[in-house]
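Accompanying notes for the structure given below.
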């Protein structure tokens with residue numbers, strides 16, 4: 001058997017020379033029966049993934065059985081002839097490396113044909129004749145990332161990226177170095193997980209609420225990542241053009257022109273489904289049945305590549321759309337409804353994002369979240385200016401070119417207790433509270449209290465179905481959000497319970513948008529109006545008969561009325 005490294009789909013038989021169609025893995029010449037091994041990707045997502053050689057970070061994701069492992073193992077092959085090439089392939093748990101069908105197992109179907117030699121102690125590693133090597137290791141514990149401080153990896157592979165922490169992944173990006181001129185790059189695979197940090201990193205490709213969607217078939221975007229402290233509210237800023245990313249990085253990180261050129265990363269996401277793995281479908285046609293028998297959540301993720309389905313969420317009631325695609329909690333952006341009571345839900349922040357929402361309260365108590373301000377490192381007065389601009393963006397007009405906005409006294413700002421607290425200076429004196437700045441600007445700010453249980457209960461009651469109303473004959477929730485509020489839509493479904501109190505939200509998560517809206521729900525509550533169940537005429541007649549019998553019994557117990565003059 002002879003090995004062949006190629007991307008062509010037709011190759012002359014190494015023995016008889018007759019052209020024959022080839023595919024990844026073992027091939028047999030139909031003319032002479034000669035067997036030979038082709039090291040190549042399947043057509044489709046694998047080819048796209050391997051074709052983006054110059055991109056810094058690529059994630060190959062989607063359905064189970066879509067060929068992710070083979071694609072990940074093939075990517076470093078192009079550099080195995082470089083004697084100085086060093087690469088590391090990570091799995092979260094050590095036991096996962098050697099599972100049947102796992103990385104170590106599958107690598108033995110490829111690398112021996114490239115004259116690689118395997119060693120399993122002290123580290124699982126492939127070494128090639130020229131000196132190139134590829135290690136396979138684990139990051140069981142969070143601090144295991146520090147054991148790679150001195151590494152110089154030109155290539156990093158991450159199998160099942162959602163199993164790793166965000167801090168592990170980005171810390172080890174700093175270990176990406178090359179001494180041979182090989183392009184330093186990172187490749188990863190993943191299945192969808194709507195509750196993981198990976199969805200935030202891949203938002204342009206997988207988050208349906210992202211305002212500037214990217215093509216999942218490998219469209220490249222430029223990333224500037226900003227993180228104030230490790231693991232806390234990292235912000236991912238994506239750009240279509242490299243020069244725009246460089247300009248943003250220069251300003252955000254206060255860099256020189258030269259340094260800003262190297263402060264950005266090119267990123268792409270390639271999506272694959274089971275149908276793309278033609279070889280698996282032919283050799284194991286029952287694999288589809290295995291996926292179809294999974295519970296609903298796992299089936300949506302592993303078969304249908306659904307990044308929106310969640311488990312263990314605090315607000316189980318939250319669903320942007322109904323199963324038939326009709327809007328439910330998320331509705332198209334439009335003008336702010338007229339003739340309502342208006343509130344601003346406000347959660348002040350500086351390092352953590354601030355969150356401010358314009359909310360219209362309809363008759364009957366239903367509420368629509370209409371506009372959003374969500375940003376980090378914005379000063380108090382600038383937040384006040386942003387709130388005022390948001391109030392002016394109602395979408396109302398009074399003739400051509402005459403925009404009408406809310407006046408300052410037309411909306412009540414409901415803020416958390418922290419903006420009312422006086423801040424202690426180092427000299428023992430006190431600063432005026434944050435709210436004073438907003439009062440001076442003319443905003444009507446009131447305290448929304450500090451009861452997280454009440455805030456959570458009000459959110460749950462508003463997410464419920466309050467019954468039909470005009471235009472919503474089949475029912476309508478008590479709270480709806482216009483799709484111009486992407487951060488509220490993105491984060492509300494990711495919230496989980498506090499580990500020490502299952503009745504309140506875990507405040508270590510990104511809860512700023514929930515807090516802001518919750519302040520309004522707490523300050524302007526309304527009693528939900530569940531759908532009324534129509535009763536049949538016999539039911540009503542029976543109830544009237546029971547009520548009459550109960551009245552007669554009360555009369556008999558009480559006896560006749562006696563009047564004393």
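The values are calculated or read from the model by the stated rules, or taken from the named source; none is laboratory data. Predicted model only: the values in this text are computed from it and were never measured. As a convention, Cβ positions derive from the backbone with ideal geometry for all residues, glycine included, and neighbour counts pool all protein chains shown.
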Those residues of the range 264-307 which are more than 27 Å from residue 24 (Cβ to Cβ), assigned by TED's automatic domain parsing to the domain that holds residue 249 and crowded, with 20+ Cβ neighbours inside 10 Å amount to 264
Within the range 490-506, restricting to residues that are out of contact with any helix residue (DSSP H, G or I) (no Cβ under 7 Å at 6 or more places or on another chain) and surrounded by 11 or more Cβ atoms within 10 Å (Cβ to Cβ), the one that is modelled with the highest pLDDT is 490
Counting only residues that are in contact with a helix residue (DSSP H, G or I) (Cβ under 8 Å, 6 or more places away or on another chain), farther than 18 Å from residue 78 by Cα and modelled with pLDDT under 85, the range 24-60 contains a total of 0
For the range 30-40 the number of residues that are in a loop (DSSP other than H, G, I, E, B) and buried (at least 20 other Cβ atoms within 10 Å of the Cβ) is 1
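Per-residue answers, yes or no, for (1) buried (at least 18 other Cβ atoms within 10 Å of the Cβ); (2) closer than 26 Å to residue 68 by Cβ:
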position: 174; (1), (2): no, yes
position: 182; (1), (2): yes, yes
position: 186; (1), (2): yes, yes
position: 197; (1), (2): yes, yes
position: 217; (1), (2): no, yes
position: 241; (1), (2): no, no
position: 254; (1), (2): no, no
Flagged in the range 412-429 as in contact with a helix residue (DSSP H, G or I) (Cβ under 6 Å, 6 or more places away or on another chain) and modelled with pLDDT of 95 or more, in numbering order, are 414
Flagged in the range 146-161 as buried (at least 20 other Cβ atoms within 10 Å of the Cβ) and farther than 20 Å from residue 104 by Cβ, in numbering order, are 154
Scanning the range 437-455 residue by residue, those over 30 Å from residue 316 (Cα atoms), out of contact with any strand residue (DSSP E or B) (no Cβ under 9 Å at 6 or more places or on another chain) and not in a helix (DSSP H, G or I) turn out to be 441, 442
Considering only helices (runs of 4 or more DSSP H) wholly within the range 47-141, the ones with at least 3 residues that are in the same structural domain as residue 268 (by TED's automatic domain parsing), surrounded by 21 or more Cβ atoms within 10 Å (Cβ to Cβ) and in contact with a strand residue (DSSP E or B) (Cβ under 6 Å, 6 or more places away or on another chain) are 68-74
In the range 318-334, anything under 17 Å from residue 460 (Cβ atoms) and within 18 Å of the chain's Cα centre (by Cα) is listed as 318, 319, 320, 329
Selection over the range 332-356 where residues are closer than 28 Å to residue 194 by Cβ and surrounded by fewer than 17 Cβ atoms within 10 Å (Cβ to Cβ) yields a count of 5
Among (1) touching a residue at least 24 places away in the same chain (Cβ under 8 Å); (2) buried (at least 17 other Cβ atoms within 10 Å of the Cβ), residue 435 falls short only on (1)
Heads up, the helices (runs of 4 or more DSSP H) in the range 229-321 (entirely inside) with at least 1 residues that are touching a strand residue (DSSP E or B) at 6+ places or on another chain (Cβ under 6 Å) and touching a residue at least 24 places away in the same chain (Cβ under 8 Å) are 242-253
Only one of (1) surrounded by 17 or more Cβ atoms within 10 Å (Cβ to Cβ); (2) out of contact with any helix residue (DSSP H, G or I) (no Cβ under 6 Å at 6 or more places or on another chain); (3) assigned to a helix (DSSP H, G or I) does not apply to residue 458, and that is (2)
Checked against (1) touching a residue at least 40 places away in the same chain (Cβ under 8 Å); (2) assigned to a loop (DSSP other than H, G, I, E, B); (3) over 28 Å from the mean Cα position of the chain (by Cα), residue 426 satisfies every condition except (1)
Selection from the range 322-335 of residues out of contact with any helix residue (DSSP H, G or I) (no Cβ under 8 Å at 6 or more places or on another chain) and part of a loop (DSSP other than H, G, I, E, B) yields 322, 323, 324, 325, 326, 328, 332, 333, 334, 335
The condition of being more than 19 Å from residue 55 (Cβ to Cβ) and at pLDDT 95 or above holds, among 247, 234, only for 247
Note on the range 357-382: residues within 26 Å of the chain's Cα centre (by Cα) and either farther than 15 Å from residue 405 by Cβ or surrounded by fewer than 17 Cβ atoms within 10 Å (Cβ to Cβ) (or both) are 357, 359, 367, 368, 369, 372, 374, 375, 376, 377, 378
